[in-house]
Amino acid sequence: MTQGDESLCEEFRDFIRQTDFPCVGAKSTLSRDQLTLVTAADIRCAGGDRKILNAVHGFLRDHEAEPKMFTSFAALFQGPRDLDEATFEAHLWARLNALHRLDAETFAWSSEVSADPESPNFGFSLGGHAFFIVGLHPGSSRTARRLPHPAIVFNLHEQFQDLRARGQYGRIKETIIDRDVKLDGTPNPMIAEHGTVSEARQYSGRAVDDDWRCPFVRA
């Protein structure tokens, strides 16, 4: 890893370490040293797609060999650092579409979730596993998503299910929402329970209206 790559990773870790950062799940992941990071140059470019996908597959192999709670994977991009929300959203989905096309050469869509982005049971899939995606970038209207550089975080769906089975999910979710409200004064308008509306509406962090259509295209 180059000095620039390590600097990018430390910038991301420092963002999570902030006292008022609302996602306690991410804080637990970082404190347990269970956060896997990969870097790429530019979120607008396809040059890093294979590197990112290979790293996701490696993350999944490690998880399958030794499942742990509070693990996460993030792809970090050097730039651009001046994207508005709509432009970031477009490039986020361009990367997700590209990763899916490469992944589909080897893996089927996860049976845990729907591949239809309009379905309330939609979830993103790589390596046969379902993920909830969180996009972060400097131009986000939500403080919790306003990372100094673009990033795409991949959170395993199965960990949410494990937390539900343990009776911990509701408490953690309410804690995160309360902390987020303290940052911005109001709850994130896009937050919704899986199975009620498509989670794709939440991925970029931009507040979208009812007629928004997800730009995902299945290979």
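Hey, does segment 147-160 have a residue that's modelled with pLDDT under 95 and either over 17 Å from residue 16 (Cβ atoms) or not charged (D, E, K, R) (or both)? Scanning segment 147-160, I find at least one residue that is modelled with pLDDT under 95 and either over 17 Å from residue 16 (Cβ atoms) or not charged (D, E, K, R) (or both), so the answer is yes. Residues in segment 15-35 that are surrounded by 18 or more Cβ atoms within 10 Å (Cβ to Cβ) and under 24 Å from residue 125 (Cβ atoms): 23, 25, 26, 29, 35.
Quick one: is residue 118 acidic (Asp, Glu), surrounded by fewer than 18 Cβ atoms within 10 Å (Cβ to Cβ), touching a residue at least 12 places away in the same chain (Cβ under 8 Å) and out of contact with any strand residue (DSSP E or B) (no Cβ under 7 Å at 6 or more places or on another chain)? Spelling it out, residue 118 is indeed acidic (Asp, Glu), surrounded by fewer than 18 Cβ atoms within 10 Å (Cβ to Cβ), touching a residue at least 12 places away in the same chain (Cβ under 8 Å) and out of contact with any strand residue (DSSP E or B) (no Cβ under 7 Å at 6 or more places or on another chain). Within segment 13-53, the set of residues being among the acidic types (Asp, Glu), touching a residue at least 12 places away in the same chain (Cβ under 8 Å) and not in a helix (DSSP H, G or I) comprises 20, 42.
Every residue, every condition in (1) hydroxyl-bearing (Ser, Thr, Tyr); (2) part of a loop (DSSP other than H, G, I, E, B); (3) closer than 28 Å to residue 77 by Cα, yes or no:
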| site | (1), (2), (3) |
| --- | --- |
| 164 | no, no, no |
| 176 | no, no, yes |
| 179 | no, no, yes |
| 208 | no, yes, yes |
| 211 | no, yes, no |
| 217 | no, yes, yes |
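Based on what the data block shows, is residue 144 farther than 24 Å from residue 66 by Cβ and of a type in the set (A, V, I, L, M, F, W, C)? Against the criterion (farther than 24 Å from residue 66 by Cβ and of a type in the set (A, V, I, L, M, F, W, C)), residue 144 qualifies.
Each row is one residue, and each column tells you yes or no for (1) under 25 Å from residue 107 (Cβ atoms); (2) touching a His at 6+ places or on another chain (Cβ under 8 Å).
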position: 171; (1), (2): no, no
position: 184; (1), (2): no, no
position: 193; (1), (2): no, no
position: 197; (1), (2): no, no
position: 202; (1), (2): yes, no
position: 219; (1), (2): yes, yes
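Of the candidates 183, 136, the single residue that is in contact (Cβ under 8 Å) with a residue 40 or more places away in the chain, farther than 18 Å from residue 94 by Cα and not aromatic (Phe, Trp, Tyr) is 183.
Condition first: surrounded by 14 or more Cβ atoms within 10 Å (Cβ to Cβ), among the aliphatic types (A, V, I, L, M) and not in a strand (DSSP E or B). Now tell me which residues in segment 54-82 satisfy that. Listed by number, the residues that qualify are 55, 56, 60, 69. Taking first residues from segment 140-166 that are hydroxyl-bearing (Ser, Thr, Tyr) and partners that are crowded, with 19+ Cβ neighbours inside 10 Å and assigned to a loop (DSSP other than H, G, I, E, B), the Cβ contacts under 7 Å between residues at least 6 apart in sequence or on separate chains come to 140/205.
Could you list, in sequence order, all residues of segment 184-195 that are under 20 Å from the mean Cα position of the chain (by Cα) and outside any loop (DSSP other than H, G, I, E, B)? Hit for segment 184-195 is 194, nothing else. When 90, 86, 104 are screened for being aliphatic (A, V, I, L, M), surrounded by fewer than 19 Cβ atoms within 10 Å (Cβ to Cβ) and under 13 Å from residue 218 (Cβ atoms), only 104 passes. Residue-level analysis places residue 19 outside the set of residues that are at pLDDT 95 or above, in contact with a helix residue (DSSP H, G or I) (Cβ under 8 Å, 6 or more places away or on another chain) and of a type in the set (Ser, Thr, Tyr).
The values are calculated or read from the model by the stated rules, or taken from the named source; none is laboratory data. Note that this is a predicted model, so its numbers are computed, not measured. Here the Cβ is made from the backbone with ideal geometry for all residues, glycine too, and neighbour counts use every protein chain on show.
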